[in-house]
Amino acid sequence: MANQDDSFIREVNDELRSDQMRGVWARFGNIIIGIAVLIVLATIGKVGYEYWRESSASKSGDEFLAALTLAKENKTDEAIAAFSALEKDGFGSYPVLARMRAATLQAQKGDKAAAVAAFSDIAKDGNVDPAVRDAARVRAAYLLVDTGTYEQVSAEVEQLAVPANGLRHSAREALGLAAYKAGDMAKAKGWFQQIIDDTQSPRNLANRAQMLLDLITASGKAS
């Protein structure tokens, strides 16, 4: 008798749960279907977006390598054109890399003014990663050592020639070279001495700084 009662109770409970589910479905069925559709669409969208990202990055990577190959083959104008196209249509970090490489090629072909302008534009572009912007400043400064004034070099990199900056060594060298070229030996000596005194200065850069310090000392013009 007890088993029959238990079986009856279970059947009643099952029927009640079934009635409850039918009630829930009647009230919220459309909402549940809508949520399920949204989940499916979101999943499809995520997979599609990831595929698009991977495809776009792969395409831009291939184009960047093709442009580098043109540069290695000394097809400078063609390489610059390829980098310029990638700058406009590239994906991810490739446009700014293309800008940097195009500016470098402009310098190599002798158009240093255009190269300086290109590097300066990158350095002023707030959408570019700060590390890349600083690297562009240094590249512009080294070119300006030959083509510009100390003040122009200073405007590009003196802000980087501080103890906490990772590019301080190159910034100090560019400033020292610009001062040396301008005939301001006292200022040049100061920048080169900062390189020597910095225990983290790269050895080859420190050796160049020491050599120039020796030349300045021998000239007797830094007193």
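The values are calculated or read from the model by the stated rules, or taken from the named source; none is laboratory data. A quick note: this is a predicted structure, and the numbers were derived from the prediction, not measured. In this analysis, Cβ positions are derived from the backbone assuming ideal geometry, glycine residues included, and neighbour counts consider all displayed protein chains. Heavy atoms of the whole protein, side chains included, go into the accessibility calculation; ligands, DNA and RNA do not. Shrake-Rupley method; radii C 1.70, N 1.55, O 1.52, S 1.80 Å.
Below is a table of values for the structure above.
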| quantity | calculated |
| --- | --- |
| Debye intensity ratio in log₁₀ form over the Cα atoms of the stretch 93-223, taken at each q of 0.19, 0.21 Å⁻¹ | -1.03, -1.17 |
| Highest-first arrangement of 191-197, 172-178, where packing means the average Cβ count within 10 Å | 172-178, 191-197 |
| Cα point-scatterer Debye curve for the stretch 150-223, base-10 log of I(q)/I(0) at q = 0.25, 0.28 Å⁻¹ | -1.12, -1.31 |
| Cα-based Lys proximity count in the stretch 84-223, under 23 Å, for pairs eight or more positions apart or on separate chains | 9 |
| Hydrodynamic radius of the stretch 72-155 per Kirkwood, over alpha carbon pairs, in Å | 13.0 |
| Computed accessible area, R168, all protein chains, 1.4 angstrom probe, square angstrom | 20 |
| The stretch 114-183: translational diffusion in µm²/s, Stokes-Einstein, Kirkwood Rh over Cα pairs, 4 °C, 1.567 mPa s | 110 |
| Accessible solvent surface per residue of the stretch 108-223, calculated while the other protein chains remain in place, 1.4 angstrom probe, Å² | 52 |
| Rounded, prolate or oblate (a/c below 1.5 giving rounded, otherwise prolate when a/b exceeds b/c) for the stretch 179-222 by Cα gyration tensor | prolate |
